[in-house]
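The values are calculated or read from the model by the stated rules, or taken from the named source; none is laboratory data. Treat the numbers as computed from the prediction; the structure is a model and nothing was measured. Here the Cβ positions follow ideal geometry from the backbone for every residue, glycine too, while neighbour counts run over all protein chains shown.
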Amino acid sequence: MTAADVPGVLALERELFPHDAWPERFFYDELAQTELNVPAHRATHKYWVAESERDGAPAALLGYAGMMCVLPLADVQTLAVAPQAQGRGLGSRLLGLIEEEARRRGAEDLLLEVRGDNPGAQRLYLRSGFQQIHLRRSYYPDGGHALIMRKTLAEPAEAVGPVGSEQTSSGGTR
């Protein structure tokens, strides 16, 4: 996603999320923290747009997604699919891009908030391996609840036993 994409993204945002759409400034602020605007090693955000093509040129905005990664966590900042593109796997593909980038950056967990009254998005996240870990009541401006969900990306480090249980060279423990 670039600044040139923001007007179309904002229109879709307002269509899909009429009660809690991000203000235009949020998108520009988020893009200011991507590799397009800061050195790659300092970029904490990444955004994508999905567009249909006609004659090799972008024709219509189908969806967008964004993430933030401050190790050890990554966070799905936003994910949206236009109504005419829903049900075709685009949401899964966008979520896959976020997960792939989070793994590439070394994140251990991927977190997100989803509206409690958005069962379609909840199903997408559950199918993708997310688990609900918390409920934030009245999180959204209209009083809607948010489900906090997490997907573990990295296996936890092998547990270390208590002091004195180290394995000896003969295979036994002391």
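So the values come out like this:
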{"read-out": "Looking only at the range 38-57, and only at residues there that are exposed (fewer than 14 other Cβ atoms within 10 Å of the Cβ) and not small (Gly, Ala, Ser), the one that is farthest from Glu100 (Cα to Cα)", "value": "Asp55"}
{"read-out": "Some residue of the range 104-116 being among the acidic types (Asp, Glu) and over 18 Å from Lys151 (Cα atoms)", "value": "no"}
{"read-out": "Of residues in the range 82-107 being of a type in the set (Gly, Ala, Ser) and not in a helix (DSSP H, G or I), the one surrounded by the fewest Cβ atoms within 10 Å (Cβ to Cβ)", "value": "Gly87"}
{"read-out": "Gly63 vs. criteria more than 13 Å from the chain's Cα centre (by Cα), crowded, with 20+ Cβ neighbours inside 10 Å and in contact (Cβ under 8 Å) with a residue 24 or more places away in the chain", "value": "yes"}
{"read-out": "Considering residues of the range 1-56 that are modelled with pLDDT of 95 or more and acidic (Asp, Glu) only, the residue nearest to Arg105 (Cα to Cα)", "value": "Glu30"}
{"read-out": "Candidate set from the range 82-103 (those that are within 14 Å of the chain's Cα centre (by Cα) and basic (Lys, Arg)); member that is farthest from Arg14 (Cα to Cα)", "value": "Arg103"}
{"read-out": "Residue among Leu79, Leu110 that is under 9 Å from the mean Cα position of the chain (by Cα), surrounded by 15 or more Cβ atoms within 10 Å (Cβ to Cβ) and closer than 17 Å to Asp20 by Cα", "value": "Leu79"}
